[in-house]
Structure formats: C-alpha cells, structure tokens
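A short worksheet on the structure shown next.
Derivation of every value follows stated rules applied to the coordinates shown; laboratory data play no part. Everything quoted here is computed from the prediction, not taken from an experiment. No Cβ is skipped: glycine too gets one built from the backbone with ideal geometry, and neighbour counts run over all protein chains shown.
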Amino acid sequence: MMNPQARIAELTEKLNYYNLMYYQKHISVVSDYEFDMLLEELNQLEADYPQFKLPDSPTQRVGGTVTKDFPTIVHKYPMLSLGNTYSEEELQEFDKRIKKILQDEDIDLNTLEYICELKFDGVSMSLTYQNGVLMTGATRGDGVQGDDVTPNVKTIKTIPLRVNQPNIPAEFEVRGEVFMANKVFEELNREREEIGLEAYANPRNTASGTLKLQDSAEVARRKLDAFIYFLYGENLPYQTHEEAVRTLANWGFNVSPTYQKCKNIEEVMQYIHHWDKERKNLPLETDGVVIKVNSFAQQRALGFTSKSPRWAIAYKYKAESVSTTLLSVTYQVGRTGAITPVAELKPILLAGTTVKRASLHNANEIERLGLRIGDVVFVEKGGEIIPKVTGYDATKRATNSQVLVYITHCPECNTQLIRKDGEAQHYCPNVQGCPPQIRGRLEHFIGRKAMDIESLGEGKIELLFEKGLVSSIEHFYSLTYQQLFGLEKVITDPDTGKSKKVGFKEKTVENILAALEKSKQVPFARVLFAIGIRFVGETVAKKLADHFQNIDNIAKATLEELTQVPDIGGRIAESVVDFFKDTDNQAVIDKLKQAGLQFEVKSQDTKVALSTKLAGKNLLYSGSFKKMSREQLEEKIIAHGGKIASSVSKNLDYLIVGENMGPSKLEKAQKLNITMISEDEFLQLIDEDGQTTTQSNPSKPQAGVQGSLF
C-alpha cells in the first residue's frame, strides 16, 4: 500500500485539478462516479491520518466544520463604499470631473479608458492567499473589519483553495461577490415549502444568511457561487484593472466575462443600455453597472474622498414598480427624535421580496404625493433598504378614501411635535423622556464605530431599559455582575411571529463588563461620536477632536469658532452649541469623565513628527507613484517637518516627480531651476528605505490597488 501521506497528497492534487477543469474550464476529466470514489477515499484517509491533511484539501468543499462564533478580521485593505447614481446626466458629470482632475494633473486625456462591470447583488467577500493557499475569507462588515467565515467560503467550489501559477505574490488578496444563483434559490425554497417552512425572501439575503451558518456542511449543500473582480497586493506589476482581472482569470478565479473596456463615456452608455435588457437573462440578480477608470496610475492621481474613490461610480438601474393598497400609516421615532412616517401596505412581491411597509419620509412628501388611506399606491425599491411610495392610481381612488392628516404629537410619549424652519422633518423634543430616543442613544453609544461594547446586541438594551438599569449612556459604567446575571426576556419578531429568548448568562455578563472596561481606552474622537450629538457623525467628530483637542474646548466654543473648523457648517455648529448648553448633557459628560472615558486627544492619536529633515522646505509633487498614495506622500512631508506648496514657484525647494508628470509643471520647474527628485530619492532624503512601502494611513489603499466597489 502507498504511504498514507503520499496518497493524501496525490489525491488532493488530482481532485483539485479535476475541480479546476470542471468549474473553470467546463471540462469533465473523469466521471462523477470516479470523482466521488476518489473523494471518499481521501476523506477516509484524512480521518485515519488527520496529521497529513493539506490546507487545500478538496474535502473542505463538502463542509463539516461547526463554528459557534465568527472571529473578527481587520481588513488589511479597507473595503470602501462606492458612490452611485440612477441618472445618465450624473454619469456625464462624473466623466467631466474625472477629465478636469486629470487635466489639472497634466495627464493626457487621450489615455483615459473606463472599465464597465455588472454590479452583482450578492455579499462582498475578501479572500487572502499565502504562498498560493487560501488562508482566510472575510465579509465586508463595516468596511474596516468583518467576520472570518473561512470554513464556509471553502465550500464554494469556484473559489480556488490553492493557486498553482508561477510568479504569484507570496501574499495577495482578492475581492469578489458571493451569490446564490436564481435556480439554486428557487430549488431551496421548493424544498422548504415541501416541509412546511416559510420561503426565503430573496437570493441576496439568503446568500448572506448562508455565509453565517454555523455548520459548513449545510453551507455546502446550498451551492453558493462567487465572481472575483479585483486583486490586492504589494508592488503588483499591473498597470490597469483590465490586466489585473485577466490575470485573476488565468490564475483560475471565476471572473464574470461580462466586463468591457470602454474608450469614452458614450461607450459606457452603450454598455449600460445593452445590459439593462440582457441582465434579465442572467442566472443571478444584478442591480447596476460599476464604472471605473482603467489605469491604476490615473486612479492614484484621482484619489479618494473620505468615503469612496473618485475614480469609480455605480450606475443603478431604476427599480421595478408595483401597485398595492395603502392600509394605514404608522410613525417611527428615531434616536434624535426625528419622526418617520411609514406606509403599511397590503403585502406585495417586489423585486423578489414581499413588501409590507414603505417609507413616506416626511410630512412634505405625504403632502406632495397627496395620499389617502385606501389608495392604490405605486411602490419602488429604488436602491433603498425600505421601499418607498412614489404615487397613487387616481383612477382607483374610492369615494370614501380617508384624507391623511400628519400627527401633531409623538406616538410614543404624546409630547407635541416641533418642526424647525427650513426642515422637512418633525421632531419629538422630549429628549430625556421619550423611550425610542433613549433606546436609540443607548444603541448608538455601544455601536462598533462608537464605544464598541461587545455582547450587548439585539434585545439586550431593551431589556436593560425595561428593568430600569440603563436609561442614559453613563449608566453603562455603573452596571455590576449581580445586576446583569440571570436577566432574560422573550422577544417576538413582528414580521415572522417567531420568538426567541434574550438573556444574560455568565459568559455574556463577563464579556460585557470586560468590553465596558476596555472602552475606557477608546480615543476621544470616537467618544465624541458616541455621545450622539445631532449631525455629528464619525468624520465631523474627528475634525472637532483634532481641532479643539478636548471636550472642554468644544463645550465652550462659540458658533464662530466652530464654523472655522473645515467642513463644519452653521447647522452642525448650532447643534453642538445647543448640546453643550443643556445641563442634562453637561451632567452626563461629567459622569462619563468620572467613569474614566477619554475626553482629550492623546499623543498616540495624533500624527507624530518623525524628524525635522524637511524643516523649512517647500515641496510639491506631480504624477503618480508606485510605493505610496498621494495622501501617504503628503503625510510623510508633514511628518518630517516640510510644507506642501500649492504650485511651482521660485520658493519651491523640491518637486517630487512621479509617472505621467504634467508637462506644464515640468517646463515651469526647469525654467525656475527647481530641484526635481524621484520617489526613491525623496524616501532617501528622509532616510526611509526606498524599497519598502509604508502605510502611514491604513484607511487608504496602497498604490496600484483598488478599494472595494460593492
């Protein structure tokens, strides 16, 4: 008999090859029976000799791993969001913005190309490979960190467990979309209906839920699939997205053949119009087209906003519209007291989902639509999580239809609503006594992007509030083990009617208390975001923290002082002033200070000065760079004491020259006899290794790679 280790290696190699040929080349090298016999032999050998099982074993395709909790993975390259539009006119504006920026950088517009790809309706996934072997698969999560679902990802047969290609990077990452094909989704629902279970709503949500199943064998049974759409890595040799995608296909990844290079925005429009019709014939759901600049050098020149790349946009196809009956209108109260009217509808199927509710936004929208109870209304999804009502069928309005009158008092606490001049939304001013507002602030405070209090998830905040243990954010820090242990309640899903028990067991309580203690080290900017000042999101909180350095300076700042902070307008400034005027808010801040939270910027939260090597020097750069993004280059200049000039002038000390440098800057620099240096020479100037890429700003991707587009 062959040595077990050698036989396991041989079977692993054979079966992976058969899988590659079948799923990538669509060629059956062996019969299903022969494949199954070899797989069964390998499975038995691995059971007998588990020490010889290889990390790319094809037995993982059938699952078997049971995961109770999914660990969190911090993305090496953040999975960025993408701006979107439903308007062809806005696409034209996107094209004009691209050209203007490139023109300002003296980049030849004749070299501009776009890549169009279908936007598949699935779950974004990040896959990391080391020495060609799939090591981790992680969900997008919040873009910074996601769930490690590696055992479940390995069941997807079109995802290579090992890449056997010459000259691949020692480590690389690919991004793609995991989806459930329409046919598989329909088969799964038929099975559920046969055994008396409720049908799933749509393929996208089912794929997402499947990836979070604890039993990977059940995941394998559901036959998920994936399309891979781009590549990350250090110092990659590819100059364009098209080149990188072709490489992925050559490496054996499942790349959708529907992408197309376009020479101009007119060809982009042709692609969009073609697939608006043809996408209905595809085996999976799509909701739009992603358009991005093809050249990586041009992408680097275009850069990023705080949330998304400037070099890419998603065009969304207009949503399907259906009609149904408006049964009533209910009103929801948000954490800031904002009132949102919701249409309660006769259930209707829309874009694969059963719709019972739709957003009406505000009183102005209801008045504009002219709705009445009992109307036959038109409903669209339009890219929103909650569908919206777009109008009513006047030909079907009943003579006894009931005129809609917007409420005047809060549906939760009966306080009279207010509406500020210039604002469309009504608000409940009972900040301290309105239950949904209190619960909303508590939930916001513990969120991942705020204080990140683990184990205080669904239902637990409501239970603590009902028991009178937490009614304000500072109360979290006085909770004890004795108060929490043993608390429980049953919550019921209003849509499905299903009930489940929520409670505080020993480990849960320990985790909560540990997370509360750990949260005392959360940086000031996140604490400022967590306390829930109206209009103060993550970005605004960071700007306020950087500018004022501590909570006391912000609290005493005037409207004029606040509006001097970049991107802080009058509305935000007024909200900040109003918040700190309130004596209740002042008391909360004082108690949080006593609890030990961070209310000033620490030295480690700021950009550290690395040296004075560039002190007194003015520097400017032009073109694109291989080892750094433009943002990283600016950070290095500042960190070493230099200043960034706005233009080429006689006061300029160094012009850092990158690829595709603008000819006008070059000509002017030569006339003024400005010292021009390369990227490597700049790194040598500040005594950094020109061969090593540093990433001083982890929120920005490395040069030569892309951010997530889905």
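Say a paramagnetic label sat at a point 7 Å from the Cα of L469, along Cα to Cβ; which residues of the range 496-517 have their backbone N under 15 Å from it? Counting backbone N atoms under 15 Å from the label point, the list is 502-517. Once R0 is set to 35 Å, what does the formula 1/(1 + (r/R0)^6) return for the Cβ-Cβ distance between K613 and K668, expressed as a FRET efficiency to the nearest 0.05? Efficiency, from the Cβ-Cβ distance: 0.85. Judged by the ratio a/c of the largest to the smallest principal axis of the C-alpha gyration tensor, the range 92-232 counts as oblate, that ratio being 1.5 or greater while a/b is no larger than b/c. Sorting 119-130, 257-268 by their mean Cβ neighbour count within 10 Å, with the most densely packed peptide first, gives 119-130, 257-268. Computed per residue of the chain from DSSP H runs no shorter than four, each worth -39500 (n - 2.57), the mean residue ellipticity at 222 nm is -10000 deg cm²/dmol.
Cβ-Cβ distance of T354 and E171, R₀ of 51 Å, FRET efficiency by 1/(1 + (r/R0)^6): the value works out to about 0.70. Shape analysis of the range 251-405 places it in the prolate category; the axes a ≥ b ≥ c from the Cα gyration tensor give an a/c of at least 1.5, with a/b above b/c. For the range 1-160, the number of Lys pairs separated by eight or more positions or lying on different chains, with C-alpha atoms closer than 22 Å, is 11.
When you restrict to C-alpha pairs under 8 Å that are six or more residues apart and normalise by the size of the chain, the relative contact order lands at 12 percent.
Note on K498: aspartates and glutamates with a C-alpha under 19 Å away, same-chain residues under 8 apart excluded, are E193, E198, E458, E462, E488. The alpha-carbon of K613 sits under 27 angstrom from the alpha-carbons of these lysines, leaving out residues fewer than 8 places away in its chain: K602, K626, K627, K636, K643, K650, K665, K668, K671, K700.
Restriction of the GluC sites (Glu not before Pro) in the range 361-450 to DSSP coil positions whose beta-carbon has at most 13 other beta-carbons within 10 angstrom yields E384, E423. Rounded to whole numbers, the Karplus 3J(HN,Hα) couplings from phi for the range 91-101 are 5, 4, 5, 4, 4, 5, 5, 4, 5, 5, 5 Hz, using 6.51 cos²θ - 1.76 cosθ + 1.60 with θ = phi - 60°, and x at Gly and Pro. For the range 450-540, just say rounded, prolate or oblate: build the C-alpha gyration tensor, square-root its eigenvalues into a ≥ b ≥ c, call rounded for a/c under 1.5, and beyond that prolate if a/b exceeds b/c, oblate if not. It comes out oblate by the Cα gyration axes.
Among the trypsin sites (Lys or Arg not before Pro) found in the range 383-459, those both in a DSSP coil and sparsely packed, with 11 or fewer other Cβ atoms within 10 Å of their Cβ, are K420. Within straight-line reach of K420, meaning a Cα separation under 22 Å, sit the following lysines at least 8 residues removed in sequence or on another chain: K581. Rounded to the nearest 5, the antiparallel percentage of DSSP beta bridges internal to the chain is 85%. Among the GluC sites (Glu not before Pro) in the range 554-594, none sits in a DSSP loop with a Cβ that has at most 13 other Cβ atoms within 10 Å. Stokes-Einstein D for the range 524-601 at 4 °C, 1.567 mPa s, Kirkwood Rh over Cα pairs, in µm²/s? Taking Rh from Cα pairs, D becomes 106 µm²/s. A straight chain from M135 to I638 at 0.36 nm per residue would run longer than the Cα-Cα distance by 177.4 nm. Relative to the compact-globule estimate of 2.2 N^0.38 Å, the Cα radius of gyration of the chain comes out at 1.07. Relative to the current alpha-carbon distance between N182 and D276, full extension at 0.36 nm per residue lengthens the span by 32.1 nm.
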